[in-house]
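Worksheet for the structure shown next.
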Amino acid sequence: MQVLVTGGSGFIGRALCQQLLQAGHHPTVLTRDVRAAAHRLPGVRLIGALDELERADAAVNLAGESLTAGRWNARRKQAFRDSRIGTTQRLLAWLQQRQTRPAVLVSGSAIGYYGPRDDTPLDETAAPGNDFAARLCRDWETEAAKAAGLGVRVCLLRTGIVLGADGGALGKMLPPFRLGLGGPMGSGRQWMSWVHRADLVRLILWLLESQDGSGAYNATAPHPVTNREFAQTLGRVLRRPALLTTPAPALRLMFGEMADLLLTGQRVVPQRAQAQGFEFAHPQLEQALRDLLA
């Protein structure tokens, strides 16, 4: 299967491309810097513009600037939208020009779609929130869903906190936790809906190969935990104390509005994927962390 991937040189995309190659598929990655991506993606075809690709059997749209890289301002918020919605619009324009179109589009989104929530478990039928991150995800999904009007099966991937030892949220947590300086953030009661990166990649492949899966899918492990539980579990796996709380005012001072992503959360469950037969290899946090940090 010829698979077009946007965002293929990122934390999730690199693992996806590696798995696609191992499964006998042929990924093509759209990237702004072909030379730099070549070092990250050996064996993967790289293109700098969609016009360089004549056809694809499937597409995975993961492009998007990280929301947690620093403080937000008007310029960065526009960059978040351009890197997600703008890329999706260009992908749709390319699809419209093709006589033979991909059978399926798996398009990224995030559990930020639901906005800050309390303890209520959220499946894919839950209403969207109304903060900046929720509106961004909603608009991103709305744009991607237009591909269905072109005869493409569309799956919207609402991804949680993706865990991998070489990057992402866990990669940022490891240095202080290994020094015994980790602990909860704010109250620690906010929910963290996480997923092992290997399970996320398996879920994407499962959706690509499915014959009838479409619509929104929560890409999170079946057992979310609170931030305090996460810190305690990570400390236990690393055999380090995890008692130092970072106060909410300090996080807001450091990160401004972006701190809301750290201090609020959602208790998300992958109802649709499990109901349709997908099985998580790493459903429990401690087992997932031990696998990643072995």
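No value in this document is a laboratory result; all are computed from the given coordinates. What you see is a predicted model, and the numbers here were worked out from it, not measured in a lab. Methodologically, a virtual Cβ is constructed for each residue, glycine included, from the backbone with ideal geometry; neighbour enumeration extends over all protein chains shown.
Across segment 2-293, the relative contact order, built from alpha-carbon pairs under 8 Å that are at least six residues apart, equals 19 percent.
Summing charges over all other residues whose Cβ lies under 12 Å from the Cβ of E279, with Lys and Arg as +1 and Asp and Glu as -1, gives 0.
Note that segment 2-293 carries a Kirkwood radius of 19.5 Å, evaluated over its alpha carbons pair by pair.
Of all the options G265, G70, G168, the one that moves most in a Gaussian network model of the chain with Cα springs shorter than 10 angstrom is G70.
Here the Karplus curve 6.51 cos²θ - 1.76 cosθ + 1.60, taken at θ = phi - 60°, turns the phi angles of segment 99-105 into couplings of 6, 10, 10, x, 6, 9, 10 Hz, with x standing for Gly and Pro.
Averaging the Cα positions of each part gives two centres, and for segment 217-270 and segment 70-102 these lie 29 Å apart.
Placing a label point 7 Å from the Cα of A250 along the Cα-to-Cβ line, the residues of segment 176-206 whose backbone N sits under 19 Å from it are 176-190.
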